[in-house]
Amino acid sequence: MTTGTDVLHARCQNCKDKSCATQVLNRKELDLIFNSRYVTEVKKGTCILIEGAPASHIVYLRSGLVKEYIQKPGRHEQIIQIILPHSYLGLTSIFGNNVNQFSYSAVTDLLLCYIEVEVFTRLIKNNGKFAFEILSSQGRDSLNSFHRFIDQSHKRIYGRIAEILIYFGKVIFSNNKFQVPLTRNEIADMVGTSRESAGRIFSKFRAEGIIEVQGRNIIINDMDRLEKISRYG
């Protein structure tokens, strides 16, 4: 992984981790970002942005995984999605009331670029292609989250757990073998059940040979069956 030290003094036009949006910026616009950004490494478990706090920066995720969530009564979290590298965190604050609408925490170690909101907003206003890429990305993420929540609301817990395993395997890791990035409590919160219920369903999938579990490592042996459970569960 590229380190914060490696990129601290590197100019944005030489960055190998550009988003689709920054690829349409000219040199002057990239220098504007460079002069306002702050690059840092963040350890797993660190809270990056807090729901309800004033929004001073947009955060670009260069590497690692982040969970986006809202805090529910009783100290429970409702996890909205797992965010992949080359994404922006906190975009909803620009189109809302200048406060963070969600919280974001590091699921793995991260490399981040903090960009001042004023600079980011200026680029959106002055560069239509940049604005289009940002809005397209935001729209896709919002629609995906919306459809996932609607689907979950019509499923029993059996189908919800199947869906989350498919989500990890196909969307997050693009591999049937992966290390679960969340705790059992977080998985339970993500699908709206208790840790005990989630654990029982994992055990059932394992007993039926649908998955193998080795600590936090999971192998999906029967994706077709898992998809049927997700579809009809």
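The values are calculated or read from the model by the stated rules, or taken from the named source; none is laboratory data. These numbers come from a predicted model, not from an experiment. Here the Cβ is made from the backbone with ideal geometry for all residues, glycine too, and neighbour counts use every protein chain on show.
In the set 191, 117, 180, only one residue is in the same structural domain as residue 15 (by TED's automatic domain parsing) and surrounded by 17 or more Cβ atoms within 10 Å (Cβ to Cβ); that residue is 117.
Here is a yes/no grid of residues against (1) in contact with a strand residue (DSSP E or B) (Cβ under 6 Å, 6 or more places away or on another chain); (2) of a type in the set (A, V, I, L, M, F, W, C):
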{"position": "96", "(1), (2)": "no, no"}
{"position": "102", "(1), (2)": "yes, yes"}
{"position": "106", "(1), (2)": "yes, yes"}
{"position": "113", "(1), (2)": "yes, yes"}
{"position": "128", "(1), (2)": "no, no"}
{"position": "132", "(1), (2)": "no, yes"}
{"position": "139", "(1), (2)": "no, no"}
{"position": "151", "(1), (2)": "no, no"}
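The number of residues in segment 41-69 being outside any loop (DSSP other than H, G, I, E, B) and either farther than 13 Å from residue 92 by Cα or not aliphatic (A, V, I, L, M) (or both) comes to 14. Check segment 152-170 and report whether any residue there is of a type in the set (S, T, N, Q) and closer than 19 Å to residue 107 by Cα. Among the residues of segment 152-170, not one is of a type in the set (S, T, N, Q) and closer than 19 Å to residue 107 by Cα, which makes the answer no. For segment 111-129, indicate whether the set of residues that are without any contact (Cβ under 8 Å) to a residue 40 or more places away in the chain and within 25 Å of residue 189 (Cα to Cα) is non-empty. No, because not a single residue in segment 111-129 is without any contact (Cβ under 8 Å) to a residue 40 or more places away in the chain and within 25 Å of residue 189 (Cα to Cα).
Which members of segment 101-110 meet the condition of being part of a loop (DSSP other than H, G, I, E, B) and over 14 Å from residue 80 (Cα atoms)?
First pass over segment 101-110, keeping only residues part of a loop (DSSP other than H, G, I, E, B): 101-102, 107-109.
Result: 108, 109.
Filter segment 124-169 for residues that are surrounded by fewer than 17 Cβ atoms within 10 Å (Cβ to Cβ) and among the small types (Gly, Ala, Ser); which is modelled with the lowest pLDDT? So the residue we want is 153.
Being among the hydroxyl-bearing types (Ser, Thr, Tyr), within 24 Å of residue 22 (Cα to Cα) and not in a loop (DSSP other than H, G, I, E, B) is a property that residue 137 has. Among the residues of segment 16-36, those that are in a loop (DSSP other than H, G, I, E, B) and crowded, with 19+ Cβ neighbours inside 10 Å comprise 19, 21, 25. Picking from residues in segment 1-15 that are in a loop (DSSP other than H, G, I, E, B) and surrounded by fewer than 16 Cβ atoms within 10 Å (Cβ to Cβ), the one that is modelled with the highest pLDDT is 11. The set of residues in segment 49-68 that are farther than 22 Å from residue 178 by Cα and either without any contact (Cβ under 8 Å) to a residue 60 or more places away in the chain or surrounded by fewer than 21 Cβ atoms within 10 Å (Cβ to Cβ) (or both) comprises 49, 50, 51, 52, 53, 54, 55, 56, 59, 60.
Within segment 51-82, can you find the residues that are among the small types (Gly, Ala, Ser) and out of contact with any helix residue (DSSP H, G or I) (no Cβ under 9 Å at 6 or more places or on another chain)?
Within segment 51-82, 52, 53, 63, 64, 74 meet the criteria.
Exactly one residue among 48, 80 is within 13 Å of the chain's Cα centre (by Cα), at pLDDT below 90, not assigned by TED's automatic domain parsing to the domain that holds residue 169 and not hydroxyl-bearing (Ser, Thr, Tyr), and that residue is 80.
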